[in-house]
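Report on the structure given below.
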Amino acid sequence: MLNETNRPILDAILDELIPPSEDGKIPGAGALGVAEFLPTANAYAPDAAGSVRTILDAVPADFVALPRDEKVTALKRVEAAHGQAFETLVRLTYMGYYSRPDMRPHFGVGAHPIHPLGYPVARESDAMMDELTAPVRARGKVYRDAR
Amino acid sequence: MQDDPVDVLIIGAGASGAAIAWSLLETRMRILCLEQGPHLEDKDFPSRDDDYELARYGEFSCDPNVRGLKQDYPINADESCITPVNFNAVGGSTINFLGHWPRMKPSDFRTHSLDGVGADWPVDYETLAPFYDMNDRNTGVSGLGGNPAYPDYTPELPPIPMGKLGQTLAKGFNEKGYHWWPSDVSILSEDHDGRQKCVNAGTCDLGCAAGAKGGTNFSYWPMLENAGVELRTGARVREIRVDKSTGFATGVLYHGPDGQVHEQRAELVVVACNGVGTPRLLLNSKSKTFPDGLANRNGLVGKNLMFHPLTGVAGVFDEPMLGHEGPMACSILSQEFYETDPSRDFVRGYGLHSGRSTTPMTYALGGYGIDNPIPWGAEHREIMDNVYPYLAGLTIVSEDLPEEHNSVTLDSDLTDSDGIPAPKITYKLGENTRKMLRHGEERAKEILLAAGAKKVLSKNDDKVWWRAGWHQMGTCRMGNDPETSVVNGWGRSHDVKNLFIVDGSIFPTAGAVNPTSTIQAMALYIGDSIKTKIETLFD
Ligand SMILES: Cc1cc2nc3c(=O)[nH]c(=O)nc-3n(C[C@H](O)[C@H](O)[C@H](O)COP(=O)(O)OP(=O)(O)OC[C@H]3O[C@@H](n4cnc5c(N)ncnc54)[C@H](O)[C@@H]3O)c2cc1C
Ligand code: SF4
């Protein structure tokens, strides 16, 4: 599906869907290589490949060369004309991007598979618990008798 | 093909099926459980994979229509604002449930007498209390004793950490003078009974690879299999059969993993297929004696479907809230607005749950239970970098009142992979619920601001979460009057005297709490009733 001609266009589209951070430390979805995830994404969207093709066919041929604001305008036009395919591409882009373990730490989440390590979180001390719950206990019973 | 007859045949190896099997162990009857799904192995839990979040949108989605696995049955929810979600395997929906473990409250069992809505239960809180305790011991429950929102009881294990998010929200509730309490959870805060404590991974819907969550695959089933309960997986029941001369159930026809249809005979049949699967099976069990479906002489099978409709409000705080660290749905629970207050424009009430925040992919795709991706482009970057890490939210979980037009019927075209007609859901949000949710959203905003949120995000529309059909209740309601209920006060069908139902479909009303501790307490109560009435069980 992807070739030397359309891959740069797809990368440019993806970099608009999830752009890089301003300081350049967090890559956009195109630079990250999310395009490689898309052809394998049929498990998550019935017509993943078809949707990608629809969007590639709909953007202007010179998309890569457009200034950023014109890229966004072009994509908004494509979104209005091909709502379903565009939404599929957006969803799959998010999946491809955030399933990358190296992206998670940028949002404060561990890169590791979540089990078996999880996260070390300490239980609140008895003193803290007593202090926090004191006003609630002081009010007393808040349920209704049913007899 | 015919299999050897058994004494007790349980259909469904989830929360309720496991609990009643345990209760009946001491009778030494031969117990067989038929389960359409598999027994998951350690390697099947996706949270050990690098890209674990993807599983939520594929084979570990909570939505059977998304998973589409052989053991799943599709559900037509085109005429509903909420779609039912579940899991079909040994453990049932406790495989992917979130372990929130509140009990129902005394008033929940008496809504008709107290508030003139719904129906009173034939059992009350006091009767059920020892069965809640028994079930908690078998499951492993953590929490803080002394909650003023309940008659006194103390969970066996200390609470799980509330975390920064829970502590922050608790301060907001205190500021407003509202009730809150650390959540009771069926999640181990300490190593217990040979099982490992929770590691705060936050992906409880992906099956808990640690075994810390009280799914019956980790709690009841190891005990049951050791005790000799026979479990047949990949066995999907297509119909329960009846003897037309006696009107008793004789057993079932099921599709086995060998692709063949088998007959399994039994003295006593227990249905434990969850609030959608159970009416579906009964409606599919048509005969000359029961042309409209088994145990359905009064036409109430499938009627009065209740969920817990919900919506959420989130606050953006100054510091990262670390909401992904800790069990996904459980930190603190407020029941300030749970009981009826005549000064409000609705009856009954709701809980305010502090779920934790979810992982990045799920947030970007709209949140757990929602299908509405956040914007793309520069706004996307802004939200993920400067909003997502700073979020703490409250979910409004409302009581749903029983209404006959909310129902499970059979779809005229859709079938599962064995060709068995699939369920169709017809469900509309009641006006009382709408008012409750609006009230809850306003209170949640105030609490978040009082907790220090610099901004509050809410949808300002009337929509409830689409994939919030995790609690399915009411579709075979219990009651003393055979004209207005499907099963009697101890779970036995009014029409078929050796047929029992033990899942949430027997709830006459829904309360506003997660139902599983009550479902299992009821299953234990029904098991106990069977044992005490054994001499006259079928009279
Ligand atoms: C995502 C999610 C989160 C949840 N979170 C919570 C929570 O935090 N707290 C809480 O209290 N509850 C929660 N729940 C709800 C909880 O999981 C259910 O209330 C509980 O599992 C219901 O128990 P059950 O025995 O009725 O059904 P289940 O546990 O669903 O078991 C039913 C079993 O029957 C089997 N079955 C159905 N039909 C057939 C058939 N024809 N033949 C053979 N087998 C069949 C199914 O495969 C399934 O294994 C959640 C549910 C989900 C899906
Ligand atoms: S957070 Fe705890 S309960 Fe949830 S999956 Fe991880 S270990 Fe299990």
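Placing unit charges on each Cβ (+1 for Lys and Arg, -1 for Asp and Glu) gives the range A:6-110 a dipole about its Cα centre, and among A:Thr88, A:Gly108, A:Ala49 the Cα reaching farthest toward its positive end belongs to A:Gly108.
When chain A is treated as a GNM with alpha-carbon contacts under 10 Å, the residue of A:Pro39, A:Pro116, A:Pro135 showing the greatest mean-square fluctuation is A:Pro135. Helix B:516-532 and the longest principal axis of the C-alpha atoms of chain B enclose an angle of approximately 30°. Interface between chains A and B: roughly 5400 Å² of accessible area buried, both sides summed (probe 1.4 Å, protein heavy atoms only). Take each residue in B:194-202, count the other chain C-beta atoms within 10 Å of its C-beta, and the mean is 4. Entry note: the range B:286-411 has Rg to Rh equal to 1.15, where both radii use alpha-carbon atoms and Rh is the Kirkwood radius.
Of all the options A:Thr54, A:Thr93, A:Thr73, the one that moves most in a Gaussian network model of chain A with Cα springs shorter than 10 angstrom is A:Thr73.
Determine, at each q value in 0.15, 0.20, 0.21 (inverse angstroms), the log₁₀ of I(q)/I(0) that the Debye formula gives when each Cα of the range A:6-110 is one equal point scatterer. One equal scatterer on each Cα of the range A:6-110 leads to -0.59, -1.02, -1.11. Rounded to the nearest 20 debye, the dipole size of chain A about its Cα centre is 800 debye, using +1 on the Cβ of Lys and Arg and -1 on the Cβ of Asp and Glu.
Residue pairs exceeding 18 angstrom between C-alpha atoms, taken from A:Lys71/B:Lys459; A:Lys25/A:Lys71; B:Lys497/B:Lys531; B:Lys171/B:Lys445; B:Lys435/B:Lys459: A:Lys71/B:Lys459; A:Lys25/A:Lys71.
To the nearest ten degrees, helix B:125-139 and the longest principal axis of the Cα atoms of chain B are 80 degrees apart. For the protein assembly as shown, the C-alpha radius of gyration divided by 2.2 N^0.38 Å, with N the number of residues, is 0.96. Entry note, chain B: the mean residue ellipticity at 222 nm calculated from DSSP H runs of n ≥ 4, each adding -39500 (n - 2.57), is -6500 deg cm²/dmol after division by the residues and rounding to the nearest 500. For B:Gly251, the residues whose modelled amide H falls within less than 5 Å of its own, excluding neighbours fewer than 5 places apart on the same chain, are B:Arg241, B:Ala266.
Got the relative contact order for chain A handy, in percent, Cα pairs under 8 Å and 6 or more residues apart?
On the way: 114 pairs, mean separation 30.2, N = 147.
Answer for chain A is 21 percent.
For the range B:379-488, report the accessible area per residue in Å² (1.4 Å probe, heavy atoms, rounded to an integer). Kindly include the intermediate steps, with their values, before the conclusion.
Values: 4380 Å² over 110 residues.
Ligands and nucleic acids excluded, the result is 40 Å² per residue.
Report the semi-axes of the equivalent ellipsoid for the range B:384-457 in whole Å, largest first, where each axis is √(5λ) for an eigenvalue λ of the Cα gyration tensor.
After diagonalising the Cα gyration tensor, the semi-axes are 38, 20, 7 Å.
Residues A:Tyr119, A:Tyr97, sorted by accessible area with the largest first, give A:Tyr119, A:Tyr97 [1.4 Å probe; ligands and nucleic acids excluded]. Comparing A:Met128, A:Met103, A:Met95 in a Gaussian network model of chain A where C-alpha atoms under 10 Å apart are linked, the largest mean-square fluctuation is found at A:Met128.
How large, in percent, is the carbon and sulfur part of the accessible surface of the range A:1-134 at a probe radius of 1.4 Å? Could the numbers behind the result be given before it?
Numbers: 3460 of 6440 Å².
Solvent-exposed carbon and sulfur of the range A:1-134 make up 54 percent of the total.
Rounded to the nearest 10 degrees, the angle from helix B:15-24 to the longest Cα principal axis of chain B is 50 degrees.
In percent, rounded to a whole number, the relative contact order of chain B is 23, using alpha-carbon pairs under 8 Å and six or more apart. Per residue, the average separation of C-alpha pairs within less than 8 Å and at least 6 apart gives the range B:243-338 a relative contact order of 14 percent.
Scaling against 2.2 N^0.38 Å puts the C-alpha radius of gyration of chain B at 0.92.
What helices does chain A have that are whole DSSP H segments, at least 15 Å long along their own axis by Cα, and with mean Kyte-Doolittle hydropathy of 0.5 or more? Let's see the in-between values first.
On the way: long enough: A:6-17 (17 Å, 0.17); A:48-58 (16 Å, 0.73); A:68-81 (20 Å, -0.74); A:83-98 (22 Å, 0.04); A:126-139 (20 Å, -0.33).
Helices meeting the criterion: A:48-58.
For the segment A:97-108, counting C-beta atoms of other chains within 10 Å of every residue's C-beta and taking the mean gives 6.
The values are calculated or read from the model by the stated rules, or taken from the named source; none is laboratory data. Given the structure is predicted, the values throughout are model-derived calculations rather than measurements. Reconstructed Cβ throughout: ideal geometry from the backbone, glycine too, with neighbour counts over all protein chains shown. All accessible areas refer to the heavy atoms of the entire protein, side chains included, with ligands and DNA or RNA removed. Shrake-Rupley method; radii C 1.70, N 1.55, O 1.52, S 1.80 Å.
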